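Here's the structure, in structure tokens; my notes come after.
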Amino acid sequence: MARKFPGMAQLIVLILGLTGAAATAAFAESNWQDVTANVTVAQSDPIFDRVNRVFVSTLTVENSSPQALDGGLRMVVTSSNFAVLNPDGTTAGGDPFYILLAEDEVLPVGATTAPLRLDFAFGRGRLVFTTRIDQHIVPIVPSEQPDISVDPAGVLEFGTVTAGQSVDRDITIRNDGDAPLTVSAVTTDNPAFEVLFTFPAAPPPFTLAPGESQAATVRLTAPVGSGGETLTVAVNITSDDPDEGVLSVVGLGNSVSPVPLDNIPVVSAQIINPDNGITAASCADVEGEVLFGPDVAAGDSFVVALTDSGGAAVSALSTRRPMAADSLPSVASLPVLSSTGRLP
């Protein structure tokens, strides 16, 4: 709306209500809606305040819509040929505004706001300005919402990992809310880690009903040459959870360098079982083969432990390599005793 006023007017005494500054509150700029068509705006003729040398106009807003207005009202000066003084703030577009109604106040049908005073800087010519009335719309939060959670909830520990090797850890993504949860992406910020979904689990995007969960595997493959490093990751789970749009799970593992083969004293060992298995009667006749590394010297001792099919220890052998270091074969056939013993 636009009105034109003479540049000078007779000074009159105005009885003003609270100014917009007294009702200033914090509002989200994106939630304002133009409701000018739903209200009736009354503006007074301007007067010239000779003491402060400003033009003054008052404005009231009547709710002429069929329902109460709540959530906050503001008057926006969309254009003016004289500068607007002392506004409560400016819009994202730079227009000055004054608060008419606080966020926790309501303007019933047919009710009118307290008079709002508008001050304009002194200028020559006629005062011309336009206004708009905005209502602050409070977003409606659904009573039913999804709620994401991840198990384990703490740090995902991968322990010690040999460089070039992989270690897996399982996680479970769960919907603890009362509305469907859509997971749109599961990513990592470290290429040494990857997230795997094994059938029947499907990779994102997927939707979990309330109470439903989905398993995933986080795999750490320690890069070759990373021995001695601590490898960390953030597994970022993106979903439509209203307050945790991206849920991050932290993981860490310690990479160690592989042991060179020529430093391994025992390369391999095996038991040569009788056809009918090892029994108390045949234990003394069982043979074993041990492949020693090149760094093993005559006189080095090793312990061989035997267990039954249930994992219980049935015998142990402490053995000494029987040959001199300069004539050692790569494979030694050693008898396995049913009790602790030592070879010559």
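Where a number appears in this text, it was derived from the coordinates with a stated rule and is not lab data. Predicted model, so just to flag it, every value in this text is computed and none were measured. Cβ sites come from the backbone with ideal geometry, for glycine too, and all protein chains shown count toward neighbours.
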| said: Need the full-extension length gain, Leu196 to Leu252, defined as separation in residues times 0.36 nm minus the C-alpha distance. One decimal, nm. | reply: 18.4 nm
| task | Note down the nm distance, to one decimal, between modelled labels 7 Å out along Cα→Cβ at Thr207 and at Thr90. | result | 4.5 nm
| request: Using only Cα atoms, locate the centre of region 29-106 and the centre of region 216-239, then give the distance between them in Å, rounded to an integer. | output: 56 Å
| query | Arranged by the count of other C-beta atoms within 10 angstrom, fewest first, what order do Arg117, Arg50 take? | reply | Arg50, Arg117
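Given the Cα-Cα distance of Ile137 and Val155 and 0.36 nm per residue of separation, how much length would full extension add, in nm?
Result for the pair: 2.4 nm of gain on full extension.
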| Running Debye on region 38-89 with equal point scatterers at the Cα sites and no solvent, what base-10 log of I(q)/I(0) appears at q = 0.25 Å⁻¹? | -1.16
| remark: From fewest to most C-beta neighbours within 10 Å, the residues Arg219, Arg74, Arg132 line up as Arg219, Arg132, Arg74
| Quick one: putting +1 on the C-beta of Lys and Arg, -1 on the C-beta of Asp and Glu, what dipole do you get for region 53-190 around its Cα centre, in Debye to the nearest 20? | 1280 debye
| request: Please list, in chain and number order, the residues 5+ apart from Ala222 or on another chain whose amide H is under 5 Å from its amide H, with Hs placed from the backbone. | output: Gly164, Gln165, Val167
